[in-house]
Amino acid sequence: MAEEKLRMKTQVPESQKPRPKKALEFPIVERLNWLIHLHYIRKDYEACKAVIKEQLQETQGLCEYAIYVQALIFRLEGNIQESLELFQTCAVLSPQCADNLKQVARSLFLLGKHKAATEVYNEAAKLNQKDWEICHNLGVCYTYLKQFSKAQDQLHSALQLNKHDLTYIMLGKIHLLEGDLDKAIEIYKKAVEFSPENTDLLTTLGLLYLQLGVYQKAFEHLGNALTYDPANYKAILAAGSMMQTHGDFDVALTKYRVVACAIPESPPLWNNIGMCFFGKKKYVAAISCLKRANYLAPFDWKILYNLGLVHLTMQQYASAFHFLSAAINFQPKMGELYMLLAVALTNLEDTENAKRAYAEAVRLDKCNPLVNLNYAVLLYNQGDKKGALAQYQEMEKKVNFLKDNSTLEFDSEMVEMAQKLGAALQVGEALVWTKPVKDPKSKHRTNSASKSAALQQPLGSNQALGQAMSSAAAYRKLPSGAVGAQLTKPPSLPLEPEPESTVEASPTEASEQKKEK
């Protein structure tokens with residue numbers, strides 16, 4: 001009985017029992033943020049903008065997240081100025097948020113206001129000193145401003161905070177802009193160690209080795225790139241260029257056939273295909289391919305150079321003059337272009353202009369003995385033995401220098417012509433030639449490109465140096481480097497400048513030199 005009484009006393013009336021608590025309600029300003037984020041990450045931008053409009057009406061334009069996402073959508077739609085204004089509104093609503101300032105700076109960068117972007121990024125860095133993205137983007141902005149020293153400092157700081165492929169690529173590009181190929185290779189080697197399966201890094205490193213003539217390492221890195229991505233057209237194009245350099249035209253054409261399926265409108269591809277046909281002495285096919293490349297890239301001087309060379313070989317001197325003149329307009333500091341132009345003018349019986357072209361070629365090209373040999377032959381055929389002797393002696397100096405400092409091999413036809421000229425000028429005892437050597441697959445062989453038909457003298461005619469330069473890596477692009485989206489705010493992306501705008505003359509182009517008759 002005592003226990004029952006105790007239970008009666010301890011029972012609590014139902015009216016006094018604690019009621020279950022209601023779920024916490026979000027403040028009205030943030031009420032629909034989850035729905036805005038959901039539509040945004042699903043890329044349902046129309047529904048997202050509708051929710052944003054409703055949210056801004058309810059909050060009288062004070063919902064920071066809704067404004068932020070609307071600015072991101074405007075940027076995706078190409079309305080950069082409108083997105084900048086909205087991000088500035090976010091920065092006013094939340095002045096201590098570094099993300100807002102980063103987005104303001106990025107919009108300024110996209111508008112081409114690089115100096116203003118650096119100022120805003122520096123303000124963001126004061127709020128968050130350990131953000132690698134701010135340092136990286138500052139480095140990109142300083143690169144556009146040509147302040148390479150500051151750019152390198154910022155990019156190194158970004159690598160210390162967090163290593164990313166994009167930062168390595170940008171740092172390597174700066175070294176290439178400064179002409180320091182060795183440092184660029186070191187940076188790309190570190191990048192490959194950090195990210196060994198990045199095919200863009202492997203391809204770029206292979207192309208740099210290819211430019212240096214280190215074919216073993218170039219082939220190794222290009223092969224690794226193709227191992228990870230057999231359809232990587234940049235690596236295939238570069239490998240084909242290497243094979244073309246060594247005279248394996250059929251194998252190179254097989255490689256190019258694969259690339260043509262991926263990038264059928266690539267000017268370097270059609271340039272290389274054209275020069276493969278040129279090496280196989282299929283000149284009509286070569287001109288057809290080169291003209292397609294010229295149609296796709298009318299301002300590429302290398303394609304114009306090759307067109308002039310092929311037309312010279314086919315003895316179409318007026319067409320050769322047309323293309324070589326166009327190439328000189330784009331590349332006025334290259335002596336070999338003036339030499340080929342002089343050959344065309346000689347065959348067009350314009351001797352005076354040919355002499356002027358040779359004089360300009362001699363002034364610009366201090367290493368190629370063939371320029372002086374061609375000039376000497378022209379002067380001799382015109383009866384100027386004194387001038388011919390001076391050019392011949394200058395040629396001898398260049399030949400001696402090349403023999404002492406390089407393994408360059410001279411074409412037998414060039415040697416024979418020099419010997420004939422030396423005998424005609426009565427300087428036969430001073431000849432510097434050893435036995436003639438010719439390697440048809442050598443990258444550095446020097447063959448004549450055309451023979452004069454109009455000025456057929458007993459000595460012979462001008463010889464021309466043909467140089468088929470194939471830009472195997474002209475199409476390269478930085479990989480996109482987006483970091484994962486957060487629930488509160490989608491982060492800003494690292495700046496990714498297009499290579500064409502930052503690196504106007506990128507040394508990662510693999511130049512293939514091929515000299516043909």
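Starting from the Kirkwood radius over alpha-carbon pairs of the stretch 138-277, derive D by Stokes-Einstein at 20 °C in a medium of 1.002 mPa s and give it in µm² s⁻¹.
Approximately 134 µm²/s, per Stokes-Einstein.
Which ³J(HN,Hα) values, rounded to whole Hz and listed in residue order, are derived for the stretch 261-271 from phi using the Karplus coefficients 6.51, -1.76 and 1.60 in 6.51 cos²θ - 1.76 cosθ + 1.60 with θ = phi - 60°, glycine and proline given as x?
Per-residue couplings from phi come out as 6, 8, 10, x, 10, 8, x, x, 4, 5, 5 Hz.
Would you mind ranking Ser149, Ser107, Ser325 so that the residue whose beta carbon has the fewest other beta carbons within 10 Å leads the list?
Details: Ser149 10, Ser107 25, Ser325 14.
Fewest-to-most ranking of Ser149, Ser107, Ser325: Ser149, Ser325, Ser107.
Nothing charged except the Cβ atoms of Lys and Arg (+1) and of Asp and Glu (-1): what's the magnitude of the dipole of the stretch 138-193 about its Cα centre? Round to the nearest 20 debye.
It works out to roughly 120 debye.
Arrange the following residues from fewest to most other Cβ atoms within 10 Å of their Cβ: Ser241, Ser83, Ser157.
Listed from fewest to most nearby Cβ atoms, that is Ser157, Ser83, Ser241.
Express the C-alpha Rg of the stretch 87-214 as a ratio against the empirical globular expectation 2.2 N^0.38 Å, rounded to two decimals.
The value comes to 1.16.
Please report the relative contact order for the stretch 203-341, taking Cα pairs under 8 Å with a sequence separation of at least 6, and give it as a percent rounded to a whole number. Please report the intermediate quantities before stating the final value.
Details: 165 pairs, mean separation 18.1, N = 139.
This gives 13 percent for the stretch 203-341.
Give me the dipole magnitude in Debye, nearest 20, for the stretch 97-240 about the Cα centre, with unit charges on the beta carbon: positive for Lys and Arg, negative for Asp and Glu.
360 debye
Taking 7 Å along the Cα-to-C-beta vector as the label spot, tell me the Gln129-Ser94 distance in nanometres, rounded to one decimal.
Simple spin-label model gives 2.3 nm for this pair.
Taking the Cα centre of the stretch 55-165 as origin, sum charge times position over the Cβ atoms of Lys and Arg (+1) and Asp and Glu (-1), and report the length of that vector in debye to the nearest 20.
Value, rounded to 20: 480 debye.
Read-outs: derived from the displayed coordinates by stated rules, not from any lab. Because the structure is predicted, anything quoted here is derived from the model rather than measured. All Cβ positions, glycine included, derive from the backbone under ideal geometry; neighbour counts span all protein chains shown.
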